[in-house]
Structures are given as C-alpha cells and as structure tokens.
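*Asks:* This structure is in structure tokens; I'll ask about it shortly.
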C-alpha cells in the first residue's frame, strides 16, 4: 500500500480540510463550502468525503485499523452488496489526538463492544453522533473543533440575540502554512491509493457518503420528500 507522507502536527484529513481546493472542485449551487480561513468555495459534499477517506486510509496504512471488503445480503437476500468493515489492527494510532484519525480505532472497538455494525458507514455515523440539518458541514465542523482542541485553531463563543451561543473559529497563519507545506505529498498519496486500490476507493467513498447522509435530520429529510 502507498506509504504515508510524514506530517508532524497535522493529520492527512486535516490537510485535505484546510487545503480543500487542491483536492476537490469548486462548489455549485446547493453544494458549497467556504474553506476555513479562506474565501475559496469548494464542493461541500466532496470535501467531506475526501477528508474522511484520508483519515481511514492513513489509519489503515499505519495498521491501527483493517479495511476488509465483505459481501452483505440485502432486500431480504435477493441481492448482495459490498461494504467495508472496520476491524481492529495490530498497531495503536500514532497520529495526534483528538483527531478524526485517532478516533477511528476506538470507534470501531466501541461499536463491536455494543455488538453493533462496524462498517465504514456505521463508524462515520457514530463519529458525527447527532443528526443535523447539514450533516456534511457538521462532519467537517467536528474536524475544525479538534484543531482548536489541539491549539491549531482559535475558538470562541458569541451570543446571538442574547439567547443562542455560536462557536466561532479562526485559523492561525502558522497552521495554514503547515497544511500548505504538505499538500503535494498528501495529494500524491491519495492519487496512489485511487490507482492502486480502485475498488476499495470506490466502496470507501460511497460508504463514507452514506454514513454522513445517515445523520440528516429526519424533519429535513421529510420536508424534501
């Protein structure tokens, strides 16, 4: 499998998040996300999928998790679908915590302890925890908050209408520079994965998207039907 580029402070998923315009196309109507600390607008759906894929593949590469393709019966056994199970690897995570990467092994362990499904879709859904009107933005806000917890982003809370508390974030130039310095290595690494393991890549990105969509608020889903 492709070797993981060295990155001392930022994880691969965080580099994708901060330099999203180097990984995904521009946003279109209904699918826009303004990059953290920039004015650049990219595809919200694709950015979320790509950064979560980077997290899974990096932990797979380090050996903290195993990504195993399994066949599963669907539609009362009338057809078979393929999905990726997240199994516990031989090595602990070596990436900084809290981070998406550092969470994946423990999330799978918790799901298996609960005797719950521990496929990629389930792990992503479990990480996001709560339903949201905009689950793709929520999935990335969690990454932003983890950066703040590690001192790589600034966070403060503002009151709106004297009732609601809103979290605000700012990206220090030092963190932006760290991401910029490692973009080419991470982009090349992800391209190698897509070329070396096309089936794994296709299933992984599809399962990630399904996991994020599973956190769509029911009221919003009902309204759109």
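The values are calculated or read from the model by the stated rules, or taken from the named source; none is laboratory data. All of these numbers come straight from a predicted model, not from anything done at the bench. Every residue, glycine among them, receives a Cβ derived from its backbone with ideal geometry; neighbour counts consider all protein chains shown.
*Asks:* Pick out the one residue from 155, 144, 159, 168 that is in a helix (DSSP H, G or I) and either modelled with pLDDT of 95 or more or in contact with a strand residue (DSSP E or B) (Cβ under 7 Å, 6 or more places away or on another chain) (or both).
*Replies:* Every option except 144 fails the conditions.
*Asks:* Could you go through segment 58-69 and let me know if any residue there is at pLDDT below 95, farther than 22 Å from residue 11 by Cα and touching a strand residue (DSSP E or B) at 6+ places or on another chain (Cβ under 9 Å).
*Replies:* Checked against the condition, which is being at pLDDT below 95, farther than 22 Å from residue 11 by Cα and touching a strand residue (DSSP E or B) at 6+ places or on another chain (Cβ under 9 Å), segment 58-69 yields no hits at all.
*Asks:* Still on this structure, please answer the following. Could you please give the count of residues in segment 83-104 that are without any contact (Cβ under 8 Å) to a residue 60 or more places away in the chain, in a loop (DSSP other than H, G, I, E, B) and surrounded by fewer than 20 Cβ atoms within 10 Å (Cβ to Cβ)?
*Replies:* Result for segment 83-104: 7.
*Asks:* Please verify whether segment 179-198 includes one or more residues that are assigned to a loop (DSSP other than H, G, I, E, B) and at pLDDT 95 or above.
*Replies:* Taking every residue of segment 179-198 in turn, at least one turns out to be assigned to a loop (DSSP other than H, G, I, E, B) and at pLDDT 95 or above.
*Asks:* One residue is enough: does segment 25-42 have a residue meeting the conditions assigned to a helix (DSSP H, G or I) and either touching a strand residue (DSSP E or B) at 6+ places or on another chain (Cβ under 8 Å) or modelled with pLDDT of 95 or more (or both)?
*Replies:* No, that holds for no residue.
*Asks:* Looking only at segment 141-171, count every residue that is loosely packed, with under 13 Cβ neighbours inside 10 Å and in contact (Cβ under 8 Å) with a residue 60 or more places away in the chain and tell me the total.
*Replies:* Number satisfying all stated conditions: 1.
*Asks:* Within segment 105-121, which residues are without any contact (Cβ under 8 Å) to a residue 12 or more places away in the chain and either touching a strand residue (DSSP E or B) at 6+ places or on another chain (Cβ under 9 Å) or assigned to a helix (DSSP H, G or I) (or both)?
*Replies:* Result: 106, 113, 117.
*Asks:* What tally of residues in segment 122-141 results from selecting those that are within 20 Å of residue 168 (Cα to Cα), in a helix (DSSP H, G or I) and in contact with a helix residue (DSSP H, G or I) (Cβ under 8 Å, 6 or more places away or on another chain)?
*Replies:* Number satisfying all stated conditions: 7.
*Asks:* Does segment 172-225 hold any residues that are surrounded by 19 or more Cβ atoms within 10 Å (Cβ to Cβ) and over 17 Å from the mean Cα position of the chain (by Cα), and which are they?
*Replies:* Once the filter is applied, which keeps residues that are surrounded by 19 or more Cβ atoms within 10 Å (Cβ to Cβ) and over 17 Å from the mean Cα position of the chain (by Cα), segment 172-225 yields 175, 182.
Yes/no matrix, rows are residues, columns are (1) within 20 Å of residue 184 (Cα to Cα); (2) surrounded by 17 or more Cβ atoms within 10 Å (Cβ to Cβ); (3) free of Cβ contacts under 8 Å to residues at least 24 places away in the same chain; (4) over 12 Å from the mean Cα position of the chain (by Cα):
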residue: 16; (1), (2), (3), (4): yes, yes, no, no
residue: 32; (1), (2), (3), (4): no, no, yes, yes
residue: 36; (1), (2), (3), (4): yes, yes, no, yes
residue: 39; (1), (2), (3), (4): no, no, yes, yes
residue: 46; (1), (2), (3), (4): yes, yes, yes, no
residue: 55; (1), (2), (3), (4): yes, yes, no, no
residue: 58; (1), (2), (3), (4): yes, yes, no, no
residue: 71; (1), (2), (3), (4): no, no, yes, yes
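*Asks:* Exactly one of these conditions fails for residue 89: (1) under 26 Å from residue 148 (Cα atoms); (2) at pLDDT 95 or above. Give me its number.
*Replies:* Looking at each condition in turn, residue 89 falls short on (1).
*Asks:* Being touching a strand residue (DSSP E or B) at 6+ places or on another chain (Cβ under 7 Å) and in a loop (DSSP other than H, G, I, E, B) is the filter; apply it to segment 199-220 and report the residue that is nearest to residue 23 (Cα to Cα).
*Replies:* Step by step, filter segment 199-220, then rank; the result is 215.
*Asks:* Looking at the structure I just gave you, is residue 116 modelled with pLDDT of 95 or more and either surrounded by 14 or more Cβ atoms within 10 Å (Cβ to Cβ) or farther than 30 Å from residue 174 by Cα (or both)?
*Replies:* Here the answer is no, as residue 116 does not meet what is asked.
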